[in-house]
Amino acid sequence: MHEPTYRQALKEAWQLVFKNTSLWLLGLLSVLFAGSFGMGNFLAQLMVTMSTNARGAWFARLYLPTIPHPDVSVIIGLIWLVGIMLIVAVAVIFISVTAKAALLIATADYYKNKAIPKLGKIWNSGLKYFWKILTIEVLRKIALGLIGLVFGIIWYVLPSDISQWSFILDTIMLIFAVFLGWVISAVSIFASGYTVIDGKSLTSAYKKGWELFHEHLLVSLEISLVLTLLDMLLIMFFAVIFSFAFLPALFIWMFAGAVGNAALALFGAIFGMVVLLFIIALFGALYNTFYTSVWMYLFMKMHHEGIVSRIIHHVGKFFNR
């Protein structure tokens, strides 16, 4: 019995996603807060931070607007606005985290039974793990944020002269930061798996998640690298799609300009934005479902089959010759 490879994980996840389009809804809902485009967004933030012009952004001062003579009605309106925003934020987080737990459960059931339970049943199961998955997601975001902050400070302090040594140092630091991000992301999703599949406590889930990552280091790093490359391709794809999404709107604007109809021009702008949001939502749901499915395939194979790490496997084969 061999340890699963990243090729098997990608193939199985691809088949799962396209055979079970109902999971796209969970992927869309979970991406609002608890989802992830893998490491692409994190890597993009690190690269922006490394740029000379962006280093000072880490230490930018925040100036709160002052109101010389605040009006009571304005203050009440702001309180209502803040309250509504908080309620919406809580609702989004609740839905997203529950959807993430449900998606983890659904993918695990598929790899065990080759079937997806009904969404209502999965959703109710996801509710049981809301607080644990929320804690894991918050800790993951804090950890990635701290990595970005620490390395942003380091890049800010280092001399910003353009030289070969400066480029080499920046590259080494970027690779190290991305590696730490890989570790955090992999251990977090393995811990999530232990939480929803085995019902482990958070402490035990993190401990077991780290052990699983350490025992299967090579395949975990391989899939992290592949998914990071896919993330970057997806970001470039969105950049291209952004232009094409507004092509129909451009023709509407041109026609509106020719006839002098401002309402038609406004409709063109709204139409272009709706098309763009639809494309982003569609691919966001698809890729988030795929990303989760890949990691859960590895988790289910490595956890339930208890196979040795591929590194140990190949070393053993070498010495047995």
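What are the residues in region 281-312 that are at pLDDT below 80, surrounded by 15 or more Cβ atoms within 10 Å (Cβ to Cβ) and assigned to a helix (DSSP H, G or I), if any?
HIS303, ARG310, ILE312
Residues being out of contact with any Ser or Thr (no Cβ under 8 Å at 6 or more places or on another chain) and β-branched (Val, Ile, Thr): count how many of those fall in region 130-147.
Residues meeting the conditions: 4.
From the list SER22, SER30, which residue is surrounded by fewer than 19 Cβ atoms within 10 Å (Cβ to Cβ) and modelled with pLDDT of 70 or more?
Going through SER22, SER30 in turn, just one is surrounded by fewer than 19 Cβ atoms within 10 Å (Cβ to Cβ) and modelled with pLDDT of 70 or more: SER22.
Which helices (runs of 4 or more DSSP H) does region 139-254 wholly contain that include 2 or more residues that are in contact (Cβ under 8 Å) with a residue 40 or more places away in the chain and farther than 30 Å from ILE105 by Cβ? Walk me through it before giving the result.
Values: elements: 164-198, 202-215, 217-245.
Ranges flagged: 164-198.
Go through region 132-150 and give me each residue that's within 10 Å of ALA101 (Cβ to Cβ), out of contact with any Phe, Trp or Tyr (no Cβ under 9 Å at 6 or more places or on another chain) and among the hydrophobic types (A, V, I, L, M, F, W, C).
Across region 132-150, the qualifying residue is only ILE133.
Name the residues in region 110-131 that are surrounded by fewer than 21 Cβ atoms within 10 Å (Cβ to Cβ), in contact (Cβ under 8 Å) with a residue 12 or more places away in the chain and in a helix (DSSP H, G or I), would you?
Within region 110-131, TYR111, LYS112, LEU119, TRP123, SER125, LEU127, PHE130 qualify.
The values are calculated or read from the model by the stated rules, or taken from the named source; none is laboratory data. Computed from a predicted model, the values in this text were never measured in an experiment. Backbone-built Cβ (ideal geometry, glycine too); neighbour counts: all protein chains shown.
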